[in-house]
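The structure appears below as structure tokens.
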Amino acid sequence: TVVAPTVVVFNPPAHSIAVLPFVNMSGDTTQDYFSDGISEEILNSLSRLNALQVAARTSSFSFKGQSIDITNIAHKLNVGAILEGSVRRTGKTVRITAQLINAVSGFHMWSQTYDRNLTDILKVQTDVATAVAQQLNIRLASTETDALELGGTQNPTAYEAYLRGAQLLANWDTGEADLRAARVALDQAIALDPKYALAYAKKSTVLTDITV
């Protein structure tokens, strides 16, 4: 008797997503902190939505720079949707392109390009997170809408310092050089905007790992 092979059906949670690191299109690898940081902030915004399951940064960012099919990534992370994009920065102007892909069908669900000044980046992150939620049929409560913008800054220099610190923190291994550099960058962000709540939160993470 010939036994038919078992067909494994890909059936991820309905409201699940992975945010891949946005591609740095500036041509300058030293700007990776900026594109990675924007990706991470969008991921963090989506993570604040109770109805949405978001793959951890460590998992989704492990595919950075790899030529792996979106469907394979979705299977590995067990998510129903993938958000990917690119960032191109010229001076104080930024172009962010984002696209949402249905990982089950392989079809694009939504895409948008934003041309903004650095001072408007927080609004772009909120717009992307809101659009993704709508495409995944997630109804946002008013408190969740407010949470998408929680803790940010309108100071572009503070924002850049924050992103530098966030990347150093995310990529540090065993030595403390990156942690100390992250603390310096986050202190700069806080000095530039004393009300920058996210910078304080990120600094507290640094201080739990660093030997003062």
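The values are calculated or read from the model by the stated rules, or taken from the named source; none is laboratory data. As the structure is a computational prediction, the values presented were derived from the model and not from experiment. Positions of Cβ are backbone-derived with ideal geometry, glycine not excepted, and every protein chain shown enters the neighbour counts. Surface accessibility is based on the protein's heavy atoms, side chains included, excluding ligands, DNA and RNA. Shrake-Rupley method; radii C 1.70, N 1.55, O 1.52, S 1.80 Å.
Need the full-extension length gain, Thr30 to Tyr200, defined as separation in residues times 0.36 nm minus the C-alpha distance. One decimal, nm.
58.8 nm
Keeping all protein chains in place, calculate the accessible area per residue for segment 27-171 (probe 1.4 angstrom), answer in Å².
Counting only protein heavy atoms, the per-residue value for segment 27-171 is 46 Å².
Which of the listed residues, Ser60, Val128, Tyr162, is farthest toward the dipole's positive end in the chain, when Lys, Arg count +1 and Asp, Glu count -1 at the beta-carbon?
Val128
Mind checking the angle between helix 177-192 and the chain's longest principal axis? C-alpha axes, 0 to 90 degrees, to the nearest 10.
70 degrees
Percent of accessible area on the chain owned by carbon and sulfur, 1.4 Å probe?
Percent of accessible area from carbon and sulfur atoms in the chain: 51.
Once the piece of chain linking Ala51 and Lys76 is laid out straight, how much longer is it, given 0.36 nm per residue of separation minus the C-alpha distance between them?
Fully extending the segment from Ala51 to Lys76 adds 6.9 nm.
Using the alpha-carbon atoms, what tilt in degrees (0 to 90, nearest 10) does helix 197-209 show relative to the longest principal axis of the chain?
90 degrees
Can you give the longest run of the chain that contains no chymotrypsin sites (Phe, Trp or Tyr not before Pro) sitting in a DSSP loop with at most 16 other Cβ atoms inside 10 Å?
Within the chain, the longest run free of exposed chymotrypsin sites (Phe, Trp or Tyr not before Pro) spans 108-212.
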